[in-house]
Amino acid sequence: MEPKTTADVITVLREHGLRMTPQRRAIVAEIMRTQGHISPTALARRVQGEMPGVNASTIYRTLTTLEEVGVLAHAHLEGGAEYHRAAEAGHVHLTCSNCGSEDDLSIDEANAMIELIERHHGFQPDLTHFAISGLCADCAKELTATTH
Ligand SMILES: [Zn+2]
Ligand SMILES: [Zn+2]
Ligand SMILES: [Zn+2]
């Protein structure tokens, strides 16, 4: 079952033998409040704003542990690795190398590309793990306009 609340996640961590300190509870609560992508540095800033003295390394270690127990999954975006709820990780990231904007492609939309790659020696791509970089529509328009 997918842990949905802070209490659920704390139960999962306890089952994996982790001692639940007040710091770790605050970290988990902040993660569960975050919608969409969870940037480790932004998370550290928010947790430390609420509970000064929490070590950044404790925060990063908690993220790693939450990934090991299947609550979170990471993806590599333009600005580094970010986390999602594992259940929300099934999409392909498109990041603009010019302005840094991010867009998503659903697995359904990416299926034609996945099948194309699979036909090549049966390779099974995981397109969700690394972002595809390129130019967003606005930047593409702007950059082609200035080069002509
Ligand atoms: Zn994402
Ligand atoms: Zn990775
Ligand atoms: Zn752009």
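Taken together, the values in this text are just the output of simple stated rules run on the coordinates, not laboratory data. What you are looking at is a predicted structure, and each value in this text was computed from that prediction instead of being measured. So basically every Cβ, Gly included, is an ideal-geometry build from the backbone, and we count neighbours across all protein chains shown.
Just a few scattered comments:
- A Förster distance of 25 Å, applied to the separation of the beta-carbon atoms of Gln48 and Asp104, puts the FRET efficiency at 0.30.
- When the inverse distances between all different Cα atoms of the chain are averaged and flipped, the Kirkwood radius reads 17.3 angstrom.
- For His74, neighbours were defined as the other residues whose beta-carbon sits under 13 Å from its Cβ, and their charges (Lys and Arg +1, Asp and Glu -1) total -4.
- Label-to-label distance, Ile114 versus Glu78, with points set 7 angstrom from Cα along the beta-carbon direction: 2.5 nm.
- Contour minus Cα-Cα distance for Glu88 and Thr41 (0.36 nm per residue): 14.9 nm
- Peptides 5-18, 92-105 ordered by average Cβ neighbours within 10 Å, highest first: 92-105, 5-18
- Here the average projected area of the convex hull drawn through the C-alpha atoms of region 1-45 stands at 3.5 nm².
- Neighbours of Arg46 by Cβ distance under 10 Å: Lys/Arg scored +1, Asp/Glu scored -1, total 0.
- Dipole in debye (nearest 20) - the chain, about Cα centre, beta carbon charges: Lys, Arg +1; Asp, Glu -1: 840 debye
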